[in-house]
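The values are calculated or read from the model by the stated rules, or taken from the named source; none is laboratory data. Everything quoted here is computed from the prediction, not taken from an experiment. Quick reminder, even Gly has a Cβ in these numbers, built from the backbone with ideal geometry, and neighbours come from all protein chains shown. Heads up: the accessible areas ignore ligands, DNA and RNA and are worked out on the full protein's heavy atoms, side chains in. Shrake-Rupley method; radii C 1.70, N 1.55, O 1.52, S 1.80 Å.
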Amino acid sequence: MRRREFITLLGAAAAVWPVAAHAQQPERMRRIGALIAFAETDSYGQASANAFRQGLEQLGWVEGRNIRVDYRFAAGNPTLYKTYADELVGLRPDAILAGGTPAVAVLQPMTRTIPIVFVLTADPVGQGFVQSLVRPGGNITGFGVYVAPMMAKWLGLFKEIAPGLRHVAVIFNPENASFAKSFNQAIEAAAQSLGVSVTLAPVHDDATIEAAVAAQAQQPEGGVIVLPDSFVITHRKTIIAAAARYRLPTFGMNDLFPRDGGLMSYSIDSLDTYRQGASYIDRILKGANPADLPVQEPTKFLLILNIKTAKELGLDVPVHLQQLADEVIE
């Protein structure tokens, strides 16, 4: 080969090298923290993580290829929320998914720079997580859950199925349910108009759950309402089993309660909320500022009835409610 031809070929190859080298560079790996509200050993905890993973994959984020997700499962435990939140912030991820109100409460003071997308979080404005629903204004935004005025709707549905209901115990963990005060006030206000008395039953472990249900069983025509905090949802089977022993109808503000043997629920699709959380993570990874992403409030609620449990309790579920229900378990 002549010298001039060799130099020409060398120059052409050199011009291609940067392009080829660029094409061979692996896609940038992004890192996300995910603080899941439930236990890793709980099927619902795994389902929540899978729903978030599916939401990411639908948007082109595949674990091990262009994104790494560090999962932590708090199991509704206040101590674990704090421990795992500290761990995730220490990893300095590109964003954090916060599952539930307690997760946001512990993460907020730990970082003002890492974007946080919450799901299943009650009253984010009232609790100071965001400045407003339309313009959150900081590093936190996400997807809300129930609002206090809905408690009247819940109690009204409960009374329709159990018309003899005269007394309800409201079960919640005050360490997790920072929204409990406003919810309980709304329940008490609605109860007055329905001729129902209310007992607040804060719980911290299985023993206090058993004691609260046993005490409620001493009331004539009693029932149990379970607030939507991650502790009581994690311990739902203990609540449902105790209520069954004492023949008390149970209204859960999470769809797991009737599916696991409780009487009924009126709730959002919690797993879909984890998928929605992935959509905001996607937008943040693509450059969006969480301060400008409005907080989304739920618009669809699911009524689920467990007819088998109703029959065991001697309750006749009105036909119109069965027709309205999104799911009837028999």
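Just one of (1) open to solvent by 50 Å² or more (accessible area, probe 1.4 Å); (2) over 19 Å from residue 101 (Cβ atoms); (3) touching a residue at least 12 places away in the same chain (Cβ under 8 Å) fails for residue 272. It is (2).
With a requirement of 1 or more residues that are over 24 Å from the mean Cα position of the chain (by Cα), the helices (runs of 4 or more DSSP H) lying completely within region 193-294 that satisfy it span 206-216, 236-245.
Taking every residue in region 33-48 that is within 22 Å of residue 86 (Cβ to Cβ) and without any contact (Cβ under 8 Å) to a residue 60 or more places away in the chain and pairing it with any residue that is open to solvent by less than 10 Å² (accessible area, probe 1.4 Å) and assigned to a helix (DSSP H, G or I), at least 6 positions away or on another chain, the pairs with Cβ-Cβ distances below 9 Å are 40/49. Taking residue 93, is it in a loop (DSSP other than H, G, I, E, B) and out of contact with any His (no Cβ under 9 Å at 6 or more places or on another chain)? Answer is yes for this residue.
Can you confirm whether region 76-89 contains a residue that is of a type in the set (Lys, Arg), at pLDDT 95 or above and over 20 Å from residue 235 (Cα atoms)?
First, the residues of region 76-89 that are of a type in the set (Lys, Arg): 82.
Next cut, at pLDDT 95 or above only: 82.
Going one step further and asking which of them are over 20 Å from residue 235 (Cα atoms), we end up with none.
No: zero hits.
For region 171-200, a tally of residues being without any contact (Cβ under 8 Å) to a residue 12 or more places away in the chain and in contact with a strand residue (DSSP E or B) (Cβ under 7 Å, 6 or more places away or on another chain) returns 1.
Residue under question is residue 279, and the condition is that it be buried (at least 23 other Cβ atoms within 10 Å of the Cβ) and small (Gly, Ala, Ser); does it hold? So residue 279 fails the test.
Check region 142-150 and report whether any residue there is modelled with pLDDT under 95, part of a loop (DSSP other than H, G, I, E, B) and not hydrophobic (A, V, I, L, M, F, W, C).
First, the residues of region 142-150 that are modelled with pLDDT under 95: 144-150.
Next, from what is left, pick out any that are part of a loop (DSSP other than H, G, I, E, B): 145-147.
Those left that are additionally not hydrophobic (A, V, I, L, M, F, W, C): 146.
The answer is yes; a qualifying residue exists.
Taken over region 209-232, residues that are open to solvent by less than 10 Å² (accessible area, probe 1.4 Å), in contact (Cβ under 8 Å) with a residue 40 or more places away in the chain and hydrophobic (A, V, I, L, M, F, W, C) amount to 6.
Cβ-Cβ contacts under 7 Å between residues 6 or more apart (or on different chains), taken from a first residue in region 86-105 that is hydroxyl-bearing (Ser, Thr, Tyr) to a second residue that is in a helix (DSSP H, G or I), are absent. Of all the listed residues (117, 134), the sole one being in contact with a strand residue (DSSP E or B) (Cβ under 7 Å, 6 or more places away or on another chain) and not hydroxyl-bearing (Ser, Thr, Tyr) is 117. Which of (1) buried (at least 23 other Cβ atoms within 10 Å of the Cβ); (2) on the phi < 0 side of the Ramachandran plot; (3) among the small types (Gly, Ala, Ser) is the odd one out, the single condition residue 142 does not satisfy? Only one criterion is unmet by residue 142, namely (2). If you filter region 28-64 down to residues that are among the basic types (Lys, Arg) and at pLDDT 95 or above, you find that the one that is farthest from residue 173 (Cα to Cα) is 30.
Enumerate the pairs (first residue in region 300-329 and charged (D, E, K, R); second residue anywhere and assigned to a loop (DSSP other than H, G, I, E, B)) with beta-carbon separation below 6 Å, excluding pairs fewer than 6 apart on the same chain, so at least 6 apart or on different chains. Listed by first residue and then by second, the contacts come to 308/330.
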